[in-house]
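Please read the structure below before turning to the comments.
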Amino acid sequence: MDLDRAAERLQQASKELIVRYQFRDRNQICCHGLSVSQCYVLDALAEQGDLTIQRLAERMQLAISTMTRVVAQLVRQRHARRRRDPQDRRVVHVAITPRGKEVMATITRALVESQKAIRFSRPARRVIGIPVVTRERPRGRRGAVRRR
């Protein structure tokens, strides 16, 4: 296979994977009362601990004003808490609360279970040496897989 064709196949596989996970995450996270952005912020706080609004915005590639709004929603829901830096009152630190840790643990468990279901319910194949989960193929008579 030539390099151009391999690159096209990799790009297509990447796009399908991103779309699948984007919607899977949105559907599973939203049922816990969080937006995807809020979930990513909580995840970052759970992993990194106390972070400033500026560092969170950089990490999520969002504007500081957008991050301030996302954090405000998390604070209202008691999933995060804010505090001003004692040395520089312009700097705001954000930390996850015990309630935020609980909801993140619940979401993480649900996502892991979803991974298991995806991985073990469908046959895997390789695309350019990368294992890829594929959709079930339609079955023909007597349960045989039809050839394409």
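The values are calculated or read from the model by the stated rules, or taken from the named source; none is laboratory data. The model shown is predicted, which means the values in this text are computed figures rather than measured ones. When we count neighbours, we look across all protein chains shown, and the Cβ atoms used for this are built from the backbone with ideal geometry, even at glycine.
Whenever a residue of region 40-52 is touching a residue at least 40 places away in the same chain (Cβ under 8 Å) and under 18 Å from SER65 (Cα atoms), its partners that are of a type in the set (Asp, Glu) and not in a helix (DSSP H, G or I), lying with C-beta atoms within less than 8 angstrom and at least six residues away or across chains, give the pairs THR52/ASP85.
Conditions tested, residue by residue: (1) in contact with a strand residue (DSSP E or B) (Cβ under 8 Å, 6 or more places away or on another chain); (2) modelled with pLDDT under 90; (3) part of a loop (DSSP other than H, G, I, E, B); (4) at negative phi.
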site: ARG81; (1), (2), (3), (4): yes, no, no, yes
site: ARG89; (1), (2), (3), (4): no, no, yes, yes
site: GLY100; (1), (2), (3), (4): yes, no, no, yes
site: ALA105; (1), (2), (3), (4): no, no, no, yes
site: ALA110; (1), (2), (3), (4): no, yes, no, yes
site: ALA117; (1), (2), (3), (4): no, yes, no, yes
site: PHE120; (1), (2), (3), (4): no, yes, no, yes
site: PRO131; (1), (2), (3), (4): yes, yes, no, yes
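Residues considered: ALA57, ALA46. Of these, the only one that is under 24 Å from THR108 (Cα atoms), in contact with a Lys or Arg (Cβ under 7 Å, 6 or more places away or on another chain) and not β-branched (Val, Ile, Thr) is ALA46. For the residues GLN54, GLN73, GLN61, the requirement of being within 20 Å of the chain's Cα centre (by Cα) and either surrounded by 12 or more Cβ atoms within 10 Å (Cβ to Cβ) or within 19 Å of GLY33 (Cβ to Cβ) (or both) singles out GLN73.
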